[in-house]
Amino acid sequence: NQAYTRTLLSHFPILSMPQNSSKNVAVIGAGSAGLVTARELQREGHSVVVFERENQLGGTWVYTPATESDPVGIDPNREIVHSSLYSSLRVNLPREVMGFGDYPFVAKKKPGRDPRRYPGHGEVLNYLNDFAVDFGIIGVVRFGMEVGFVGKMENGKWKVSCRKRENDVVFATEEYDAVVICNGHYTEPRIADIPGIEVWLGKQIHSHNYRVPDPFRDQVVVLIGGAASATDISREIAEVAKEVHISSRSATSGVPMKLPGYDNIWLHNMIEAVGSDGGVNFQDGSKILADIILHCTGYKYHFPFLETNGIVTVDDNRVGPLYKHVFPPVFAPSLSFVGLPWKVIPFFLCELQSKWIAGVLSGRISLPSKEDMNADIEAFYSAMAASCIPKRYTHNMDDSQFDYDDWLAAECGSPPSEEWRKQMYIISRKNKKTLPETYRDEWDDDDLIIQAHEDFVKYIP
Ligand code: FAD
């Protein structure tokens, strides 16, 4: 491993920056975003401390069978379980696409590793651990340290207070030149507003607390949502449940219909109301008696530790105002966020965002004036409003992610995203939608895999 670390470091020497451009930076979170941010900051010559609430790195990718005391995650006093992974989860991006740009997520011929192209979640955790070891990140992570307060001080520095999670006592308050927030956004459940839910006596659970299908055995389940987790979980539950009724905005038909290939999965449009008799009425006119409502309705951005006197807010899941989803102009560049965009290739995007932040903090890369950043944000928000796109889609990228990635890369002086990565992403997204049961095991883009591996050679010693 040491030899490998040396090889990597010789590929990517730490930039020698003038002494005064090196900053003392706190990173919150040691998931994939925090790890790559720590690496980029260190490469740029900054001094880094990563605060991690859990006792191990990996964030989302640390599977736990534990669930929260409130299955829908509304109770503010519940003990937070960070990860939303379910036991059977396999990744939904091909591994060539999913990995960091210069640290390919290639299959390793080692015992206990999962060589599949779409591996199970444990393989991602192994990959992130390898990454942290190979780039010497583990030494700068303070495990078991929950950040409880981040705020700007009069001297221009940031105050960061943290506590040991077990005893809740404030452990340390320190000052930093800059803070990068990498706390993830798949932990705080968002729940659909359902008329009548206060009198509905059945069970409710959010997918954040879904682990295995067993509790749904012989039950009539209403599953709300149409995104990746909803697709996987509905099929898994259908193997044991009596009936699964999927309610989603994207259901095109006005009448309930069976999902082709399944005897016990029905597709409906939105729920109109639920009643005290256990009844669930759908807008398509149908009504069923259900035992459980499973909310696969996504998550909220949540920064309970951040105090900015109302300058940075979360409004209908828009974190703002942020220049290019990263810097709040008032505090730029000393406060930044990594990993907010969704419907993206997260590791790759976070790598570029953190490279940009590291370069801006050292003064190697310039930001526009505050006025120009604000004007850019205003133009973005106005364009969304003019197209009737709700605020909650502010950080939804999908098709625009590669323009965004390439813009970041250009700012950093890095090459644009590889053509194979773009093509592979587009193909996998299409297959995920049209072939949800088989896309992880069958594909026809071997030519792109070859191109990816030709690129990877330069990063693999
Ligand atoms: P996280 O991984 O959530 O890490 C945040 C870290 O911050 C955690 O370790 C947490 O403990 C820590 N933290 C939070 N608050 C504090 C605090 N106050 N103090 C200290 N530490 C704190 N992405 C893919 O690329 N491919 C997939 O197939 C895929 N599947 C997914 C499936 C599911 C069900 C979910 C929920 C997500 C999936 N994702 C997938 C997205 C995945 O979340 C991202 O890839 C990525 O792991 C997010 O990394 P992150 O570092 O931003 O956040």
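Mind checking which residues of the stretch 360-390 are open to solvent by less than 50 Å² (accessible area, probe 1.4 Å) and in a helix (DSSP H, G or I)?
Once the filter is applied, which keeps residues that are open to solvent by less than 50 Å² (accessible area, probe 1.4 Å) and in a helix (DSSP H, G or I), the stretch 360-390 yields VAL360, LEU361, SER362, MET373, ILE377, TYR381, MET384.
If only one of PRO104, PRO115, PRO94 is out of contact with any helix residue (DSSP H, G or I) (no Cβ under 6 Å at 6 or more places or on another chain) and not aromatic (Phe, Trp, Tyr), which one is it?
Matching residue, one of PRO104, PRO115, PRO94: PRO115.
Taking interchain pairs and intrachain pairs at least six residues apart, which have beta carbon atoms under 9 angstrom, with the first residue in the stretch 96-117 and on the phi > 0 side of the Ramachandran plot and in contact (Cβ under 8 Å) with a residue 60 or more places away in the chain and the second surrounded by fewer than 19 Cβ atoms within 10 Å (Cβ to Cβ) and assigned to a loop (DSSP other than H, G, I, E, B)?
Close Cβ pairs (under 9 Å, with a partner that is surrounded by fewer than 19 Cβ atoms within 10 Å (Cβ to Cβ) and assigned to a loop (DSSP other than H, G, I, E, B)) do not exist here.
Let me spell it out: the conditions are (1) at pLDDT 95 or above; (2) hydrophobic (A, V, I, L, M, F, W, C); (3) over 25 Å from the mean Cα position of the chain (by Cα), and ILE460 meets all of them except one. Which number is the exception?
With (1) at pLDDT 95 or above; (2) hydrophobic (A, V, I, L, M, F, W, C); (3) over 25 Å from the mean Cα position of the chain (by Cα) applied to ILE460, the lone miss is (1).
For the stretch 283-359, please list each of the strands (runs of 3 or more DSSP E) lying entirely inside it that holds at least 1 residues being touching a strand residue (DSSP E or B) at 6+ places or on another chain (Cβ under 6 Å), modelled with pLDDT of 95 or more and within 10 Å of the ligand (Cβ to nearest atom).
Correct list: 335-337.
Can you name the residue in the stretch 132-156 that is in contact with a Ser or Thr (Cβ under 8 Å, 6 or more places away or on another chain) and not β-branched (Val, Ile, Thr) and is also farthest from the ligand (Cβ to nearest atom) among such residues?
GLY156
If I filter the stretch 402-420 for residues that are at positive phi, over 25 Å from the mean Cα position of the chain (by Cα) and open to solvent by 40 Å² or more (accessible area, probe 1.4 Å), do I get at least one hit?
Looking for residues that are at positive phi, over 25 Å from the mean Cα position of the chain (by Cα) and open to solvent by 40 Å² or more (accessible area, probe 1.4 Å), one finds at least one in the stretch 402-420, hence yes.
Has the stretch 52-75 got any residue that is within 11 Å of the ligand (Cβ to nearest atom) and part of a strand (DSSP E or B)?
Looking for residues that are within 11 Å of the ligand (Cβ to nearest atom) and part of a strand (DSSP E or B), one finds at least one in the stretch 52-75, hence yes.
Every residue in the stretch 207-227 that is farther than 25 Å from ARG429 by Cβ and within 16 Å of the ligand (Cβ to nearest atom), please.
Those that are farther than 25 Å from ARG429 by Cβ and within 16 Å of the ligand (Cβ to nearest atom): ASN209, ARG211, VAL212, PRO213.
Which numbered condition in (1) within 26 Å of ALA172 (Cα to Cα); (2) more than 7 Å from the ligand (Cβ to nearest atom); (3) open to solvent by 10 Å² or more (accessible area, probe 1.4 Å); (4) among the charged types (D, E, K, R) is the only one that GLU96 fails?
Single failed check for GLU96: (1).
Look at VAL314 and say whether it is open to solvent by 10 Å² or more (accessible area, probe 1.4 Å) and closer than 30 Å to GLU371 by Cβ.
So VAL314 fits the description; yes.
So, ILE181, is that one of a type in the set (A, V, I, L, M) and over 28 Å from GLU437 (Cα atoms) or not?
Spelling it out, ILE181 is indeed of a type in the set (A, V, I, L, M) and over 28 Å from GLU437 (Cα atoms).
Here are the criteria: (1) open to solvent by 20 Å² or more (accessible area, probe 1.4 Å); (2) more than 25 Å from ARG142 (Cβ to Cβ); (3) at pLDDT below 95. Tell me which single one ASP70 does not satisfy.
Checking ASP70 against (1) open to solvent by 20 Å² or more (accessible area, probe 1.4 Å); (2) more than 25 Å from ARG142 (Cβ to Cβ); (3) at pLDDT below 95, the one that fails is (3).
Out of ALA178, ALA192, ALA230, ALA238, report the one residue that is of a type in the set (A, V, I, L, M, F, W, C) and within 16 Å of the ligand (Cβ to nearest atom).
The conditions single out ALA230.
For the list (1) over 23 Å from MET98 (Cβ atoms); (2) in contact with a Gly (Cβ under 7 Å, 6 or more places away or on another chain), I need the number of the one condition that LEU125 fails.
(1)
Say whether the condition of being over 18 Å from TYR299 (Cβ atoms), surrounded by 13 or more Cβ atoms within 10 Å (Cβ to Cβ) and within 13 Å of the ligand (Cβ to nearest atom) is met by at least one residue in the stretch 76-85.
For the stretch 76-85, residues over 18 Å from TYR299 (Cβ atoms), surrounded by 13 or more Cβ atoms within 10 Å (Cβ to Cβ) and within 13 Å of the ligand (Cβ to nearest atom): absent.
Find the residue count for the stretch 105-162, including only residues that are more than 30 Å from ASP445 (Cβ to Cβ), open to solvent by 60 Å² or more (accessible area, probe 1.4 Å) and small (Gly, Ala, Ser).
Count: 1.
State the number of residues belonging to the stretch 333-345 that are in contact with a helix residue (DSSP H, G or I) (Cβ under 7 Å, 6 or more places away or on another chain) and either farther than 25 Å from GLN423 by Cβ or crowded, with 20+ Cβ neighbours inside 10 Å (or both).
Residues meeting the conditions: 7.
Tally the residues that are at pLDDT 95 or above and either among the small types (Gly, Ala, Ser) or near the ligand (Cβ under 10 Å from one of its atoms) (or both), restricting the search to the stretch 1-51.
18
Which pairs do you get when a residue that is at positive phi, found in the stretch 285-310, comes within reach of a residue that is at pLDDT 95 or above, reach meaning Cβ atoms under 6 angstrom, with the pair 6+ apart or on two chains?
Within 6 Å, the pairs are GLY298/ARG190.
Only one of these conditions is not met by ALA172: (1) open to solvent by 30 Å² or more (accessible area, probe 1.4 Å); (2) modelled with pLDDT under 95; (3) over 29 Å from GLU236 (Cβ atoms). Which number is it?
(1)
Output the number of the condition that THR252 fails; it satisfies all remaining conditions of (1) under 27 Å from GLU68 (Cα atoms); (2) β-branched (Val, Ile, Thr); (3) at pLDDT below 95.
(1)
The values are calculated or read from the model by the stated rules, or taken from the named source; none is laboratory data. Everything quoted here is computed from the prediction, not taken from an experiment. So basically every Cβ, Gly included, is an ideal-geometry build from the backbone, and we count neighbours across all protein chains shown. The area values use the complete protein model at the heavy-atom level, side chains included, leaving out ligands, DNA and RNA. Shrake-Rupley method; radii C 1.70, N 1.55, O 1.52, S 1.80 Å.
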